[in-house]
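Notes to accompany the following structure.
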Amino acid sequence: MRDHERTSNWAGNVTFTAARLHRPSTVAELQALVAGAERIHALGTGHSFSRVADSPGDLVTVAGLPPVMDIDSAAGTVTVSAGLRYGELAPYLDGKGYALHNLGSLPHLSVAGACATGTHGSGVRNGGLATAVSAIELVTAGGELIQLTRADGDLFDAAVVGLGAFGVATRLTLDILPAFEVEQYVYDDLPFDALRGHFTEVMAAAYSVSAFTRWAGPTLRNVWVKRRVDEPLPPPVEWLGAVRADGPRHPVPGMPAENCTEQLGVPGPWHARLPHFRLEFTPSSGEELQTEYFVARADAVAALEALDTVRDRIAPVLQICEIRTIAADRLWLSPAYGRDSVAFHFTWIKDAAAVAPAVAAIEERLAPFGARPHWGKVFAMAPEVVAERYPRLRDAAALARAHDPRGAFRNEMLDRYLG
């Protein structure tokens, strides 16, 4: 592969089939590359576990384009280069007195890649990262440079979480808000029955909440509570049978807590608390596989109970499961499209054959709730099932074909799921 940058994804479970990886240094160079390629697809930071970013032809990274971080205070937005990582953007915004509404677990992700695949954080009132996008600049299959805004309606709603099917993003404009501080508390050993009986209370306890479980024993491993300092009273020392942790924690048993953002209620800037992991550390070794499924928040307790019936198949191959909430959005290929959601995220051992039966069991148990898979994770659902779960998928596929009639941005996964 040219540039010697990456032949596989971060976890190493996907070896890219592309013969070349290009790193243009100007938008004009990118336009020429796209226009002249038979097949080409954008590659972000490689953190997807699926083949969503692969290509049978060429791969291209926009990380080499000139960095852009332009704040428009009057509009309440920032325009950024697509290859910029959140860990680079967030401190800059904070230094200017601004914030993003949400961040994912990892600050290591590129803005364009995270938005294109539906990456999210947590919070009952917080939409996924792509909901901050108010405009996106793309290089189309013909090499033209276009901009889409929310005023473009359907095309915008399809393209923002577009899986790279609509073009190669060069810039995104994001909504910003005044900077804020967050205190992070971790609670150990919340009883599973307490989560089931008080699900809304637990997940709405602060600005962002994540619950972690091994699906083994009667208690969760811990609950991470990220409270804005301007929210009401901080959480108590004891809470629904759980106890506030007496030291820093890592979500995965046995992993070093120093890799994680500061806890124990120490106030800090939003970007240093909303992610679980610090930018300066590699969050883990990559020795893992991941799956994630979204159901309507109204079905959260029933889905918990359904998963509990197959915990004997989940626990032996599981490192950790994270439960988060995401507010509904209007983006057609977003897993939270049209419904407030709860996401069940599974970090597995790196053994696809051993994990497959657990994935099958989860998909079978969550089927009654119309579970939607995360595009960047491992899943086994048939294309016709995925099309039923994403109500605007066929519409998005039709728009993608109209704007890329020669299939320049298609790959094995897009051909399979977008038809």
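No lab work stands behind these numbers, since they all come straight from the coordinates. Keep in mind that this is a model prediction, so the values were computed, not measured. Here Cβ is always computed from backbone atoms with ideal geometry, including for glycine, and neighbour counts include all displayed protein chains.
Here is how the numbers come out for the structure above:
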item: THR15/VAL237 FRET efficiency (R0 41 Å; Cβ-Cβ; nearest 0.05); result: 0.25
item: For VAL243, distant residues with modelled amide H under 5 Å away; result: ASP188
item: Local net charge near PRO269, Cβ-Cβ under 13 Å (Lys/Arg +1, Asp/Glu -1); result: +1
item: Cβ-based exposure ranking for HIS403, HIS120, in which fewest neighbours within 10 Å come first; result: HIS403, HIS120
item: Of ALA211, ALA360, ALA397, the one that fluctuates the most in a GNM where the chain has Cα springs shorter than 10 Å; result: ALA360
item: Rounded to the nearest 20 debye, dipole of the chain from Cβ charges on Lys, Arg, Asp, Glu; result: 420 debye
item: Per-residue Cβ neighbour rank within 10 angstrom, fewest leading, GLU322, GLU412, GLU258; result: GLU258, GLU412, GLU322
item: Per-residue ³J(HN,Hα) for segment 139-156, Karplus 6.51 cos²θ - 1.76 cosθ + 1.60, θ = phi - 60°, Hz, x for Gly and Pro; result: 9, 7, 4, x, x, 6, 9, 10, 10, 10, 10, 4, 5, 7, x, 4, 4, 4
item: Relative intensity, log₁₀ I(q)/I(0), of segment 140-296 from a Debye sum that treats every alpha carbon as a point, q = 0.14, 0.15, 0.17 Å⁻¹; result: -0.88, -0.95, -1.08
item: Extended-chain gain in nm, criterion 0.36 nm per residue less alpha-carbon gap, ASP189 and ALA356; result: 57.3 nm
item: Relative contact order of the chain, defined on C-alpha pairs under 8 angstrom at six or more residues apart (%); result: 18 percent
item: Filtered trypsin sites (Lys or Arg not before Pro), segment 356-414: DSSP coil and at most 11 other beta carbons within 10 Å; result: ARG406
item: Paramagnetic label zone (point 7 Å from Cα along Cα-to-C-beta, GLU280; backbone N under 20 Å) in segment 236-250; result: 248-250
item: Residues CYS115, CYS260, sorted so that the one with the fewest Cβ neighbours within 10 Å comes first; result: CYS260, CYS115
item: For segment 212-349: rounded, prolate or oblate by the Cα gyration tensor [a/c cutoff 1.5]; result: rounded
item: Percent of Cα pairs exceeding the 24 Å cut-off, where the set is segment 69-179; result: 18 percent
item: Neighbourhood charge, 15 Å Cβ-Cβ cut-off, centred on THR173 and excluding it, Lys, Arg +1 and Asp, Glu -1; result: -3
item: Segment 2-60, relative contact order in percent, only Cα pairs under 8 angstrom and at least six apart counted; result: 43 percent
item: DSSP bridge pairs, the chain: antiparallel proportion in percent, nearest 5; result: 90 percent
item: Net charge contributed by nearby residues that have their C-beta within less than 13 Å of GLY241 (K/R +1, D/E -1); result: -3
item: Packing-based order for 8-17, 265-274, 47-56, using average beta carbon neighbours within 10 Å, highest first; result: 47-56, 265-274, 8-17
